[in-house]
Structure formats: C-alpha cells, structure tokens
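Report on the following structure.
The values are calculated or read from the model by the stated rules, or taken from the named source; none is laboratory data. Since this is a predicted model, take the numbers as computed values, not measurements. In this analysis, Cβ positions are derived from the backbone assuming ideal geometry, glycine residues included, and neighbour counts consider all displayed protein chains.
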Amino acid sequence: MKKKPLLALALMLQFAFVAQAQQEPVDLDMVHRIKQEGLQNSQVMKTAFYLTDVSGPRLSGSPGLTRANEWAVKQLTGWGLKNAHQEEWGTFGRGWEVEKSYIAMAAPYYQQLIATPKAWTPGTNGEVKAEAVLVKLEKEEDLQQYKGKLSGKIILTQIDNEAKTTFAADAKRYSEEELHEMAMSLEASRSQSSWTPERIAEYRARMALRNKANEFFKEEGAAVILSTRGGMHGTHFTSNGAPYAPDAKPALPELEMGLEDYNRIVRLLEAKQPVKLEVETKTRFFDKDMKGYNVIAEIPGTDKKLKDEVVMLGGHIDSWHGSTGATDNAAGVAVMMEAVRILQAMGVKPKRTIRIALWTGEEQGLHGSRGYVKNHFGDPATMKLTKEQEKLSAYYNLDNGTGKIRGIYLQGNDAVRPIMEAWLAPFHDLGATTVTIRNTGGTDHLAFDAVGLPGFQFIQDEIDYDTRTHHTNQDSYDRLQADDLRQAATIVASMVYHTAMRDKKLPRKPLPKPRQTS
C-alpha cells in the first residue's frame, strides 16, 4: 500500500530536479571540444599499458609500485602539469614481491598447476618435494589428531566449494531497469547487503580458526600451505597470507590456487591416492623505506579569487600481485590521468586548481587517501578540520573496473543532484544517464566523505569485474575495454572542468560526527 505514494513522490522529485538542472550552466562548446579530444585523440590505453605491462604488479611497498609512481610523475610532468611529485602519507610497512614461483603435481602423474604465493609470505628456501596432506578442520580441537604427522608435508584443508558450470554470461552491463531503480532510490544506504551481522560473525570465526590452524602447521614443521578462495576456468584470487608490519610473526610459505587444481588434489587424497607435489617459491621483503607515497600533480587555477580552491580527482594505483592490476585499478588511474591530459592538451585555464591524486595502500585499507585527507583536511576521529578543508570543492574517484560510466553516486548529498543532472545531460548519448542518491563503499572517496567533503564515485558497468578480474590472476591489460575507458575519461574531464569553473563550490552535507567516542 505504501509503494504508490513513494513512487509518486520519487517522480515529483525527479521532475523538480530536472527543472533545476536546466538552470545549472553547462558549457556545451567546451563539452564538444572535450569529446573531440577524449574520443578522437585518446591516450588512455597507452597509459594503461605503462601502468600494467611495463610497471608490472603494484603491490603496496613493492618495486612495481615504485616503478609505476615514478613513471606517473614523469608522464604527468611531460604533459605539462605542475608540481608533479610523490608525497608521503605516512608509514606503511614492509614491501614484498615474488621472484620465482613453481608448483606441479609429481605423483600419481605429472601435471603443471597454477598458483600464486600469498603476499608477505616467505619463500620455500629451495625446491620442496613432499607429500600432500588433507587436513579436515571444523573446530580447533580437530587439529590434535594431526600432531606429529605434518613435518615436511604440504597442507591442504578440506573446503565445501565446487567448481560449478555457469550458463549465464559472466560479463554484464547495467540494464535500463537497473539504472532506473538506482535513479529512483530514495535512500542513500543500501539495505540489501549480503553482509549480515550473522555472516560477519561467521567470517570472523572462520578466519580465527584458520589463523590458529596456520600457527599449528608451523609449529608442526609443515613445509607449505595450499589454499583457495574459489574462482573458475583457471581464475584464482590473490591476497595476503601474512601481515606487512615489520614485527609480524613468521609465517609458512603459502600459495593460492583455483578450484579446479585444488579440488583435484583433494579428491585424490580423499580416495586414499598418495599425492606428491613439487613447490619452489622465492619471495623478497623490502624494509629500507617503509613509508607510503601518493602521486600528486596539478593544473593551477587562474582566477584571483578562486585559484586557491581545489577540485580533485583520482584512483588508487596500487594493486594485488596475481596479475598486473588492470581493472583494479590501472583502469581508474589511466582514466583520471587521461582526463587531466585532455584538459591540459586543450589549454584549459581553470578558475580553481585541478589536482590529481594517485593513491597507494588502498588495498590494505584506503591508507593513502586517508593519510592524505588527515594531513591536509582533517581527522575524522576528532573532526578537527584545517583551512584546506574549506577550499576543496569536490573529489571524483574511479575504482570499479573497466566498464563505462553510467552515472554517479551522490553519496547521500541530494543538494548536488540538479548540478550532476545538468553536467551529465550532454553524455546521455554515451550511456551516462543515472544520478542516484545511493552511496557506494570500499574505495578512496570515503576518506573525503568522512570529513564532510563532497566525494563521489561513478557508476560503472561491471563487465566481468566480480566474476573474473577483481583481485585475480586474470586482471591483465587484455581485460580492459578501450571504448569504455575513452568514454569514462571524457566524462570525468567535463565534470572536473565544470566543477573548476563553477561560481561556487559544490554544496556539502552536514559534517559527520567525530568517530572518536572517548
């Protein structure tokens, strides 16, 4: 009974916003020029190539990330941006990289296997040829039956996860119905999250048990641990197997595998068929410089009154190490770099300063953006804000894969709706039509939102982000969609330009309450 009044209210609000949007100035001549440069002369794929194939995996603190940071500073400077540099945001921890990785089944027959060492785990100190042992583990007490039986062995734990065939395409774009539902949403927070309190508690209990088991395996003298978090058709996920803190406890060598290889070994062991494996990994830690650094560069503002105000855009340049981090998040970085290249190539003279930031440490907890915000704008724990906080108009972020932009999340800031409606209107023909009050989590715009700054993430087509590329060994340059990235960079360039040229800063939400409770 309540649905019809809510729908009517939503329609009234939408019509009101459209009417207001028509009053927000849009420089259509500039939009045309941005489209010409962004769609006809794009360098976004060249940028993505250097971030992925040339720089390699960009795990936080690794040489690959250093290569990418240094290249980005050089490239931004070459395009003519000012003050391009690496800026320290705080202490991160140890760096780490893989220097060698090999695993195969030697018996009952030879078969090459696909796996990736988990981040911040040690190497095997030479080749390990050993029997595989299946540990059946439901509770901590189950470990005692394996006491004295695991020395020198390669450990697998039983999992309840089969490799199912899918008959639906694993790559998708938003349908018109889905976009309409987002646009008509009246609530910023999504209530349909699958992470219920019960599921969170179950996950924490499972991880605690896993940590206890890994400590037990090390005490028993096991040689290597094999694990899996799913994946299909040769895809497997990568993550960390030990902390990056300099004082972290020693861990065992551990590799993550896809379901097909992992489940084959499990089936053989369950059938009492002896399995022997060959494993050799060589990893390296870096602890000379444990600081974290973001890449920063600017197109200076030119208006006497407004040049000290700033419009920011960015994405995180760090990645996981199973591949070269193309969709997560070289795509976002390449788009944001392309957006400022477009504006610089056009000789734009913005009223406000345009500042690009390429964040590091995002994958470990938004460290780079949070450190930058705390250093420049304020501390969300106390809500003690700086004068710089008053000068920021907006921050735009991109970090949801390679898909084209379909609109923007308002992050609960309904006051900017008519502005965003107007600025997106010239890009309806490119598929960007949706403005939603909803927020979205998990990436660097949250650092800005936490201190009351307008921080926005764009709505993007998922493509095969969650099913194939996000944190996997398949996240390579070949998964990038060139047309989508050109479209995204063009839209971002226009949004940033109009924000920089607007008479007033973008409207803000009320300041959040301090997170510190005592």
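Only one entry in Lys129, Lys164, Lys149 is in contact (Cβ under 8 Å) with a residue 60 or more places away in the chain, in the same structural domain as Leu209 (by TED's automatic domain parsing), part of a strand (DSSP E or B) and out of contact with any Phe, Trp or Tyr (no Cβ under 9 Å at 6 or more places or on another chain), namely Lys129. Filtering the stretch 242-269 to residues that are under 15 Å from Ala222 (Cβ atoms), in a loop (DSSP other than H, G, I, E, B) and not hydrophobic (A, V, I, L, M, F, W, C) leaves Pro250, Pro253. Scanning the stretch 352-394 for residues being farther than 28 Å from His428 by Cβ, in contact (Cβ under 8 Å) with a residue 24 or more places away in the chain and of a type in the set (Val, Ile, Thr) gives a total of 4.
Filtering the stretch 37-72 to residues that are of a type in the set (A, V, I, L, M) and either surrounded by 18 or more Cβ atoms within 10 Å (Cβ to Cβ) or more than 16 Å from Ala330 (Cβ to Cβ) (or both) leaves Leu39, Val44, Ala48, Leu51, Leu59, Leu65, Ala68, Ala72. Starting from the stretch 507-518, take each residue that is more than 11 Å from Lys384 (Cα to Cα) and list its partners that are outside any loop (DSSP other than H, G, I, E, B) and modelled with pLDDT of 95 or more, counting only C-beta distances under 6 angstrom and pairs at least six apart or across chains. If the second residue must be outside any loop (DSSP other than H, G, I, E, B) and modelled with pLDDT of 95 or more, the pairs left are Pro507/Ala415; Pro507/Val416.
Does Thr490 qualify as being at pLDDT 95 or above, surrounded by 19 or more Cβ atoms within 10 Å (Cβ to Cβ) and closer than 30 Å to Pro117 by Cα? The answer is no for Thr490. Of the numbered criteria (1) out of contact with any His (no Cβ under 6 Å at 6 or more places or on another chain); (2) closer than 30 Å to Ala245 by Cβ; (3) touching a residue at least 12 places away in the same chain (Cβ under 8 Å), the one Asn397 fails is (1). For Gly292, the test of being in contact with a strand residue (DSSP E or B) (Cβ under 9 Å, 6 or more places away or on another chain), closer than 16 Å to Val44 by Cβ and in a strand (DSSP E or B) is failed. Would you check if Lys404 is charged (D, E, K, R), under 23 Å from Phe458 (Cα atoms) and under 20 Å from the mean Cα position of the chain (by Cα)? Yes.
If we scan the stretch 88-104, do we find a residue that is touching a residue at least 12 places away in the same chain (Cβ under 8 Å) and farther than 30 Å from Pro250 by Cα? No, the stretch 88-104 contains no residue that is touching a residue at least 12 places away in the same chain (Cβ under 8 Å) and farther than 30 Å from Pro250 by Cα. Among residues of the stretch 167-181 being assigned to a loop (DSSP other than H, G, I, E, B) and modelled with pLDDT of 90 or more, the one that is farthest from Thr467 (Cα to Cα) is Ser175. Can you say whether Gly126 is surrounded by fewer than 14 Cβ atoms within 10 Å (Cβ to Cβ) and out of contact with any Cys (no Cβ under 9 Å at 6 or more places or on another chain), as far as the supplied structure shows? For Gly126, the condition - surrounded by fewer than 14 Cβ atoms within 10 Å (Cβ to Cβ) and out of contact with any Cys (no Cβ under 9 Å at 6 or more places or on another chain) - is met.
Per the conditions (1) at pLDDT 90 or above; (2) in contact with a helix residue (DSSP H, G or I) (Cβ under 8 Å, 6 or more places away or on another chain); (3) assigned by TED's automatic domain parsing to the domain that holds Glu254, the sole criterion not satisfied by Val224 is (2). Restricting the stretch 390-432 to residues that are under 23 Å from Lys35 (Cβ atoms) and of a type in the set (Lys, Arg), which is surrounded by the fewest Cβ atoms within 10 Å (Cβ to Cβ)? Going through the qualifying residues, I end up with Lys404. In the condition set (1) part of a strand (DSSP E or B); (2) closer than 17 Å to Ala222 by Cβ, Leu137 is compliant with all but (1).
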